[in-house]
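J.: Quick one: the structure is below, questions incoming.
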Amino acid sequence: MSGGDQTWPDDRRSQDPRLPLAGVRVLDLSRILAGPLAATVLADLGADVIKVESPQGDETRRWGPPFHGDDAAYYLAVNRNRRAMVLDLRSDQDLDAVRSLAAAADVVIENFLPRQLASLGLDRVRDETRNAVWVSVRGAASGGPLADQPGYDAMAQARSGIMSVTGHPETGATKVGLPVVDVMTGLYAAIGALGALLGQHRTADGRPAHVEVPLFECGVASLINQGANHLIGGVVPGLLGNLHPNVAPYGPMPTADGELVIGATSDRQFAALCAALGLPELPDDPDYASNAARLTHRHKLADVLAAVFRTAPAHAWESRLAAAGIPCAPVNRIDDVFREEQVDAVELVQDVEHPAGPIRLVASPFTVNGQRPPIRRAPPLFGEHTAEIREALGGPAVPVDIDE
């Protein structure tokens, strides 16, 4: 696939024809997380991605410690499988370079505010682009009162209601411990790009689709059952800690040496859980005979179950419950996660050569025809490929002056 007849400096070194997006060209003008993550999803699937940074660079390069060489771990987490160049879009010459890349691309991803897009002339580049799907990551959707506000994950979690259902009543609302709205927005942006590429939808004037993916709306979409509980049932959900608003028992249980998360989402599973705990009579108790009853008496039920769980360590209960077909999992710390046998068995973490020394990175979570897409390129250094890409575009093989 090719965006047009314009010159694109193909990345022959890392092309893998076995991957489904081999030959797809992606121009990534975004920074921070949601946009770069969308580009990473496409790159993992085989797309040839060129990341364009300003002379100041992607902010996440400085979001450390920890650092590896000059770049923070945050940047390294979401910028694999691409080349990177520095362009100053305030320069007519560099804006022309972006125009040339956009003309040859299949997908363009950017996360500028509308006023920034206009001030840099990128709105004109977008309007001139006849072949590429244009993906705009925004703080909030166009046409609404928040459209011109910048998008940040914590603020999106707060405004979308995610924080209002996260945390304990004793401690108050809290954000999720990772940038969940940014991650979801990045995934939605990748889905939007793929959908537009697959359908080749065209606008009335013949240009390909313009896909807008806003953080706030992605946060609201993520409410799923909590949002439906309100819209359909009039419920205003509150803080439940680790409890589930619609199912019981479902959440962590204290064991002799830590917590184990368990779930019994049906009457059959609840009966199996009770049998494994040596409480076969419990499902016949009217207070626990149905999910609705268990929800009503969830705290009393939790006390009954906890008294049994405290008699043995988590690993013993995990083995017993798994054998009985009861969903369960330990509450791992991050270091525990990377010691999980599953992680090693499926090669989820890959060793990557990097100019500052080898690093280990989490690879794509999916497989294609039974194979996990390899990390073909390490996250690029700042401006690492500027000279070669500029030269391929017919410009001077020298980088712009880089601000300190």
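J.: Mind counting the residues in segment 78-94 that are aliphatic (A, V, I, L, M), in contact (Cβ under 8 Å) with a residue 40 or more places away in the chain and more than 27 Å from A22 (Cα to Cα)?
T.: So in segment 78-94, the residues aliphatic (A, V, I, L, M) come out as 78, 84-87, 89.
Next, only the ones that are in contact (Cβ under 8 Å) with a residue 40 or more places away in the chain stay: 78, 84-87.
Filter once more, so that each one left must be more than 27 Å from A22 (Cα to Cα): none.
Going through segment 78-94 one residue at a time, the tally reaches 0.
J.: Now, a different point. Among what's in segment 282-329 and is of a type in the set (D, E, K, R), farther than 15 Å from T265 by Cβ and in contact with a Leu (Cβ under 8 Å, 6 or more places away or on another chain), pick the residue that is surrounded by the fewest Cβ atoms within 10 Å (Cβ to Cβ). Outline the logic, then answer.
T.: As a first pass, look at segment 282-329 and keep what is of a type in the set (D, E, K, R): 284-285, 287, 294, 298, 300, 303, 310, 318, 320.
Applying the additional criterion that residues be farther than 15 Å from T265 by Cβ yields 284-285, 287, 300, 303, 310, 318, 320.
Within this subset, residues satisfying the condition of being in contact with a Leu (Cβ under 8 Å, 6 or more places away or on another chain) are 287, 318.
Values: D287: 13, E318: 18.
That would be D287.
J.: Just a yes or no: is a residue in segment 304-313 of a type in the set (S, T, Y), at pLDDT 95 or above and under 22 Å from L21 (Cα atoms)? Talk me through it step by step, then tell me what you get.
T.: Of the residues in segment 304-313, the ones of a type in the set (S, T, Y) are 311.
Narrowing the set further to residues that are at pLDDT 95 or above leaves 311.
Then keep just the ones that are under 22 Å from L21 (Cα atoms); that gives none.
Among the residues of segment 304-313, not one is of a type in the set (S, T, Y), at pLDDT 95 or above and under 22 Å from L21 (Cα atoms), which makes the answer no.
J.: Please verify whether S319 is polar (S, T, N, Q), at pLDDT 95 or above and closer than 26 Å to A256 by Cβ, treating the condition exactly as stated. Talk me through it step by step, then tell me what you get.
T.: Values: polar (S, T, N, Q): yes; at pLDDT 95 or above: yes; closer than 26 Å to A256 by Cβ: yes.
Yes: the conditions hold for S319.
J.: It is to be established whether one or more residues within segment 291-303 are within 19 Å of T255 (Cβ to Cβ) and not in a helix (DSSP H, G or I).
T.: No, segment 291-303 contains no residue that is within 19 Å of T255 (Cβ to Cβ) and not in a helix (DSSP H, G or I).
J.: While we're looking at this one, here's another question. If V236 passes every condition in (1) loosely packed, with under 14 Cβ neighbours inside 10 Å; (2) closer than 19 Å to E318 by Cα; (3) modelled with pLDDT of 95 or more but one, which one does it miss?
T.: (2)
J.: Being surrounded by 15 or more Cβ atoms within 10 Å (Cβ to Cβ) and either β-branched (V, I, T) or modelled with pLDDT of 95 or more (or both) is the requirement here; does P379 meet it? Outline the logic, then answer.
T.: Working: surrounded by 15 or more Cβ atoms within 10 Å (Cβ to Cβ): yes; either β-branched (V, I, T) or modelled with pLDDT of 95 or more (or both): yes.
When the stated conditions are applied, P379 passes them.
J.: In segment 269-281, which residues are surrounded by 14 or more Cβ atoms within 10 Å (Cβ to Cβ) and either assigned to a strand (DSSP E or B) or small (G, A, S) (or both)?
T.: First, pick out the residues of segment 269-281 that are surrounded by 14 or more Cβ atoms within 10 Å (Cβ to Cβ): 269-277, 279.
The answer is A271, A272, A275, A276.
J.: From the list T166, T185, which one is of a type in the set (S, T, Y), surrounded by 21 or more Cβ atoms within 10 Å (Cβ to Cβ) and within 22 Å of the chain's Cα centre (by Cα)?
T.: Selected residue: T185, the only one of T166, T185 that is of a type in the set (S, T, Y), surrounded by 21 or more Cβ atoms within 10 Å (Cβ to Cβ) and within 22 Å of the chain's Cα centre (by Cα).
Listed here are the residues, each with its yes/no results for (1) among the hydrophobic types (A, V, I, L, M, F, W, C); (2) farther than 28 Å from L239 by Cβ; (3) in contact (Cβ under 8 Å) with a residue 24 or more places away in the chain.
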position: G143; (1), (2), (3): no, yes, no
position: L146; (1), (2), (3): yes, no, yes
position: T166; (1), (2), (3): no, no, yes
position: V180; (1), (2), (3): yes, no, yes
position: M184; (1), (2), (3): yes, no, yes
position: Y188; (1), (2), (3): no, no, yes
position: G199; (1), (2), (3): no, yes, no
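J.: Out of segment 59-77, which residues are without any contact (Cβ under 8 Å) to a residue 60 or more places away in the chain and either hydrophobic (A, V, I, L, M, F, W, C) or closer than 20 Å to A102 by Cα (or both)?
T.: Quick first cut of segment 59-77, residues without any contact (Cβ under 8 Å) to a residue 60 or more places away in the chain only: 59-60, 62-67, 72-74.
W63, F67, A72, A73, listed by residue number.
Here is a yes/no grid of residues against (1) at pLDDT below 95; (2) buried (at least 18 other Cβ atoms within 10 Å of the Cβ):
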| position | (1), (2) |
| --- | --- |
| L231 | no, no |
| P245 | yes, no |
| P252 | no, yes |
| E259 | no, no |
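The values are calculated or read from the model by the stated rules, or taken from the named source; none is laboratory data. Remember, predicted model here, so these are calculated numbers, not experimental data. Counting neighbours? That spans all protein chains shown, and the Cβs are built from the backbone with ideal geometry, glycine included.
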